[in-house]
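The block underneath contains the structure these notes are about, expressed in structure tokens.
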Amino acid sequence: MQTVERHVFEDYLLSCTALPIAGGGYQSRVAITALGGQRTRAQRFLDLECFDTEVEALEHARQAGMDWVRLHG
């Protein structure tokens, strides 16, 4: 089962996921949603690297999401 953590960063919702992969480890993923107004303005999905632990995968997803917002937000 995948683990999801949600964080708000500079008016964006970061939905960070650690998805278990065959053979062990976790794939790091993040969905980035712009907040504000009456409806969702934008959403981006990023499949990232694989990590040995769930904690590492979630932290990497959070950092990658914040980096994306800083560059594109």
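The values are calculated or read from the model by the stated rules, or taken from the named source; none is laboratory data. A quick note: this is a predicted structure, and the numbers were derived from the prediction, not measured. Glycine also receives a Cβ, built like all others from the backbone with ideal geometry; neighbour counts cover every protein chain displayed.
Restricting attention to segment 35-52, does a residue exist that is of a type outside the set (D, E, K, R) and modelled with pLDDT of 95 or more?
Yes, that holds for at least one residue.
State yes or no: is L19 touching a His at 6+ places or on another chain (Cβ under 8 Å) and either surrounded by fewer than 14 Cβ atoms within 10 Å (Cβ to Cβ) or of a type in the set (A, V, I, L, M, F, W, C) (or both)?
no
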